[in-house]
Amino acid sequence: MGKRLIPTILIALLVIFHLQLWLGRGSVPSVARMASDLEAQREQNAKSQLDNERMAAEIRDLKEGLEMVEERARVELSMVRPNEILVQITRK
C-alpha cells in the first residue's frame with residue numbers, strides 16, 4: 001500500500017498541473033486569446049493616438065488662424081473688441 005501511494009499522488013499532481021495548463025486561468029488558450037486581444041487593443045490605441053494628434057493640429061491651426069485674422073483686422077481695419085477703445089495717433 002505504501003509503495004503505491006507516492007506514485008499515485010505524483011500522478012494525481014501531474015494530472016492536476018496538466019489540467020491547469022490547458023483549462024485553468026493561465027492556460028495556453030487563455031494566454032493566446034489575451035495576446036490577440038492585446039494586439040487588437042494596441043492597434044486601436046495607435047489609431048486613436050493618430051486621431052487625437054490630427055484633432056490637436058486642427059485645433060492649433062484654428063486658434064492660430066483666428067489670432068492672425070484678428071490681428072490683421074485690428075491693424076488694417078481698426079477693428080476693436082467690445083468694451084475696447086481705439087486711439088489712433090497720426091505722425092506728421
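The values are calculated or read from the model by the stated rules, or taken from the named source; none is laboratory data. All figures in this text were calculated on a predicted structure; none of them were measured in a lab. All Cβ positions, glycine included, derive from the backbone under ideal geometry; neighbour counts span all protein chains shown.
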Quiz prompt | Options 56, 32; residue that is under 30 Å from residue 17 (Cβ atoms) and without any contact (Cβ under 8 Å) to a residue 40 or more places away in the chain | solution = 32
Exercise. Count, please, the residues in region 20-52 that happen to be exposed (fewer than 10 other Cβ atoms within 10 Å of the Cβ) and either in contact with a helix residue (DSSP H, G or I) (Cβ under 6 Å, 6 or more places away or on another chain) or of a type in the set (Lys, Arg) (or both).
Key: 1
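Looking for something out of contact with any His (no Cβ under 7 Å at 6 or more places or on another chain), part of a helix (DSSP H, G or I) and at pLDDT below 85 - is there at least one such residue anywhere in region 43-61?
Initially, region 43-61 is screened for residues out of contact with any His (no Cβ under 7 Å at 6 or more places or on another chain), giving 43-61.
Subsequent filtering for residues that are part of a helix (DSSP H, G or I) retains 43-61.
Going one step further and asking which of them are at pLDDT below 85, we end up with 61.
Among the residues of region 43-61, at least one is out of contact with any His (no Cβ under 7 Å at 6 or more places or on another chain), part of a helix (DSSP H, G or I) and at pLDDT below 85, which makes the answer yes.
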